[in-house]
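One structure below.
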Amino acid sequence: MATYSLANEQRLRALEDIEREICAILQNAGTVILELSKEKTKEQLLHRQAAAFTASVQHVEAELSAQIRYLTQVATGQPHEGSSYSSSKDCQMALQRVDYARLKLSDVARTCEQMLEN
């Protein structure tokens, strides 16, 4: 259970980092817009802020893609770090197969008993 909790903590920290990065993106965009609204713009500042904006957007896109891949694994029942869902589902399915086999065996036993009586 400690591994599961640690994996969740890491995922949450990664999402918080992404959130902070999005805030930085918005600040960069705001700085660029503010600078563009001036009569005399500082071209070097614009280029620096635009480059930071682009790099941040690419980083956020990559991190969000990684989070989406992880969530896709979780949603489809594929094995992934820190989860026992797949094992739990396998166990549940095995128990259902055992119950079905018992039902069929009792049907066979009943049929055999009826044949012996006749």
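Okay, here's what the table says:
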{"item": "Inter-site label distance for D17 and M93 at 7 Å from Cα along Cβ, in nm", "result": "3.4"}
{"item": "Degrees separating the helix 2-37 axis from the principal Cα axis of the chain, which is the longest one", "result": "30"}
{"item": "Separation of the H47 and E63 label points, Cα + 7 Å toward Cβ, nm", "result": "2.8"}
{"item": "Relative pair counts by distance (%), Cα atoms of segment 25-78, 5 Å bins", "result": "4, 20, 18, 15, 10, 9, 8, 7, 5, 3, 1, 0"}
{"item": "Cα long-axis angle, helix 85-117 against the chain (0 to 90 degrees, to the nearest 10)", "result": "20"}
{"item": "Virtual spin-label span in nm between Q73 and A7, 7 Å along Cα→Cβ", "result": "0.8"}
{"item": "Orientation-averaged projected area, Cα convex hull of the chain (nm²)", "result": "11.4"}
{"item": "Cα-based helix-to-principal-axis angle, 43-76 vs the chain, degrees rounded to 10", "result": "0"}
{"item": "Accessible area (Å², per residue) of the chain, counting only protein heavy atoms and a probe of 1.4 Å", "result": "81"}
{"item": "CD proxy at 222 nm, helix term only [per DSSP H run n ≥ 4: -39500 (n - 2.57); per residue of the chain; nearest 500]", "result": "-32000 deg cm²/dmol"}
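The values are calculated or read from the model by the stated rules, or taken from the named source; none is laboratory data. Quick caveat, the model's predicted, so the values are computed rather than measured. Neighbour counts run over all protein chains shown; Cβ positions are idealised from the backbone, glycine included. Accessible surface areas use protein heavy atoms only, side chains included; no ligands, DNA or RNA. Shrake-Rupley method; radii C 1.70, N 1.55, O 1.52, S 1.80 Å.
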